[in-house]
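Would you mind keeping the following structure in view while I ask a few things?
What follows draws every value from the coordinates through simple rules; no lab data is involved. Given the structure is predicted, the values throughout are model-derived calculations rather than measurements. Cβ atoms come from the backbone with ideal geometry, glycine included; neighbour counts cover every protein chain shown.
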Amino acid sequence: MNLSKVVRPNILALAPYSCARDEFKGEARINVDANENPYNNGLNRYPDPRQLKVKALLAPIKGVKEEQIFLGNGSDEAIDLVYRIFCRPGIDNVVAPAPTYGMYQVCAEVNDVEYRAVPMQAETFALDVEAMAAQVDDHTKVIWVCSPNNPSGNAYSREQLISIVERFHDQIVVIDEAYIDFAAQPSMTDQLDRHDNLIVLQTFSKAWGHAAMRLGIAMSSPAIIAFFNNVKYPYNVNELTQQEAVRVLENVDRMRRQVAEVLSQRDILRQLLEPLPIVQHVYPSDANFLLVKVNDAMATYQYLQSEGVIVRNRHKVQLCANCLRITIGTPEENAQLYNLLKDYGNK
């Protein structure tokens, strides 16, 4: 891909902010470059602007090179940067299936970029790739695909995702894999060296169990990641987050045990919910949640709230009428939720 055709001209011409620590390698004996307070309290120095220790641990886990990783303040920072790097306000557009993660559209609106939502196939939430292609024109810069998708929970086959990346070779294709650790199929990261228009998003918020840490991951070609690093704010990931990320990445087995427990509980909760009179359908899920169609989503949602249980009401989302999105909790939480729904149905 010729990046000069998809990157905004002002970004191509940008002289990025550079600090002295971008230019220095190794451990400094004296830091008198950044006008910091010299008295050490553990947080008096600015954090590593490139998060090198985190990337060194993360790269082999993800099977990519360190220079193929961008770390941001949640995946939302990476999503926003996609617009700021590739999409000219008031001129360009992006294409995405619907329903999907709402921040793609929010960021489009914030950046004054036309957002073209293409309905999925009803009930199955399958991608309508031909309808997506029909929305692509000379000003289309980005194709968004969330897999496993939020809120439907279904993942798309690698074969279909690869075909989308290849078909839209003149656009940036972003595959958002926030829930990939709960899916049976592997990540698309092994396609990064084959397709230079591909960006893969992941996060520490789901399987890693660190939503409060706010650390998102974008992986792509070194050339695209260089643009991410040029446009981001200098110290976008704070020191406490970087320290915690190192600690988390040194205990991969803990994450895998918790994922296995969530998958087990997902199957149990699905089997419990399906026979309930108030449940019309439980959609197949490759994520850590279930999309559940009930008789009356609003009434059920309000009942659960009155019992101190918060689920996500997706009733007003396209193709999700009377649907609640239920995150898989602990065994105790899932049992309490089931009992409340069973009692509600018997009233």
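Would you list, by chain and number, the aspartates and glutamates whose Cα falls below 20 Å from the Cα of K316, excluding same-chain residues fewer than 8 positions away?
E109, E123, D296
OK, next. Under unit Cβ charges (Lys, Arg +1; Asp, Glu -1), what dipole magnitude, rounded to 20 debye, does the chain have relative to its Cα centre?
Numbers: 34 positive and 42 negative charges, 77 e Å.
Computed charge dipole of the chain: roughly 360 debye.
Moving on to the next point. Which one of H139, M298, M103 is farthest out on the positive end of the charge dipole of the chain, using unit charges on Cβ (Lys, Arg +1; Asp, Glu -1) and the Cα centre as origin?
It is M298, whose Cα lies furthest towards the positive end.
Okay, helix-only estimate at 222 nm for the chain: each DSSP H run of n ≥ 4 adds -39500 (n - 2.57), divide by all residues, round to 500 deg cm²/dmol; what do you get?
Values: 12 runs with 125 residues, N = 347.
That calculation yields -10500 deg cm²/dmol at 222 nm.
Using a Gaussian network model on the chain with a 10 Å cutoff between Cα atoms, which of V252, V317, V142 fluctuates the most?
V252
Along the Cα→Cβ direction, 7 angstrom out, place labels at D193 and S264. What is the inter-label distance in nm?
3.7 nm
On to the next question. Lone cysteines in the chain, going by a 4.7 Å Cβ-Cβ cut-off?
By the Cβ distance rule, which asks for a partner under 4.7 Å, the isolated cysteines are C19, C87, C107, C146.
In addition: Going by a ≥ b ≥ c, the root eigenvalues of the Cα gyration tensor, does region 280-328 fall in the rounded group (a/c under 1.5), the prolate group (a/b larger than b/c) or the oblate group?
Numbers: a/c = 1.95, a/b = 1.25, b/c = 1.56.
It comes out oblate by the Cα gyration axes.
Give the relative contact order (percent, whole number) for the chain; include only Cα pairs under 8 Å separated by 6+ residues. Please list the in-between numbers first.
Working: 577 pairs, mean separation 61.1, N = 347.
Relative contact order for the chain comes out at 18 percent.
Taking 0.36 nm per residue of sequence separation and subtracting the Cα-Cα distance, how much length would be gained by fully extending the chain between Q135 and N346, in nm to one decimal? Walk me through the numbers on the way to the answer.
Working: separation 211, 0.36 × 211 = 75.96 nm, distance 4.71 nm.
Residue separation times 0.36 nm, minus the Cα-Cα distance, leaves 71.3 nm.
When the convex hull of the Cα atoms of region 3-250 is projected onto a plane and the area is averaged over all directions, what value comes out in nm²?
Numbers: hull surface 55.8 nm².
Approximately 13.9 nm², given one-decimal rounding.
Please grab the % of Cα pairs in region 1-54 that end up more than 12 Å from each other. Please report the intermediate quantities before stating the final value.
Values: 1080 of 1431 pairs.
Everything past 12 Å amounts to 75 percent.
Could I ask something else about it? Taking only Cα atoms, what is the 0 to 90° angle, nearest 10, from helix 239-249's long axis to the longest principal axis of the chain?
In the chain, helix 239-249 runs at an angle near 60 degrees to the longest axis.
Moving on. Report the calculated FRET efficiency for D22 and R312 (r = Cβ-Cβ distance, R0 = 56 Å), to the nearest 0.05. Could the numbers behind the result be given before it?
Working: r = 41 Å, r/R0 = 0.73.
Calculated value: 0.85.
What do the square roots of 5 times the Cα gyration tensor eigenvalues come to for region 148-222, in whole Å, largest first, as semi-axes of the equivalent ellipsoid?
On the way: eigenvalues 95, 44, 19 Å².
After diagonalising the Cα gyration tensor, the semi-axes are 22, 15, 10 Å.
Alpha carbons only, please: Rg and Dmax for region 1-132, in angstrom.
Here Rg and the maximum Cα pair distance are 20.0, 62 Å.
Treat each spin label as a single point 7 Å out from the Cα along the C-beta direction, and report the D170 to E332 distance in nm.
Going by the 7 Å Cα→Cβ label model, 5.8 nm.
Are there GluC sites (Glu not before Pro) in region 256-347 that DSSP marks as loop and that have at most 15 other Cβ atoms within 10 Å, and which are they? Mind dumping the intermediate values first?
Numbers: sites: E261, E307, E332, E333; in loops: E307.
Hits after loop and neighbour filter: E307.
While we're on this one: If one takes the longest principal axis of the Cα atoms in the chain, at what angle in degrees, from 0 to 90 and to the nearest 10, does the Cα axis of helix 52-62 lie?
The two axes meet at around 50 degrees.
Right, something else. Pairs of alpha-carbon atoms within less than 8 angstrom and 6+ residues apart define the contacts here; what relative contact order does region 253-346 have, in percent? Write down the numbers at each step before the final one.
Working: 126 pairs, mean separation 26.3, N = 94.
Relative CO of region 253-346 lands at 28 percent.
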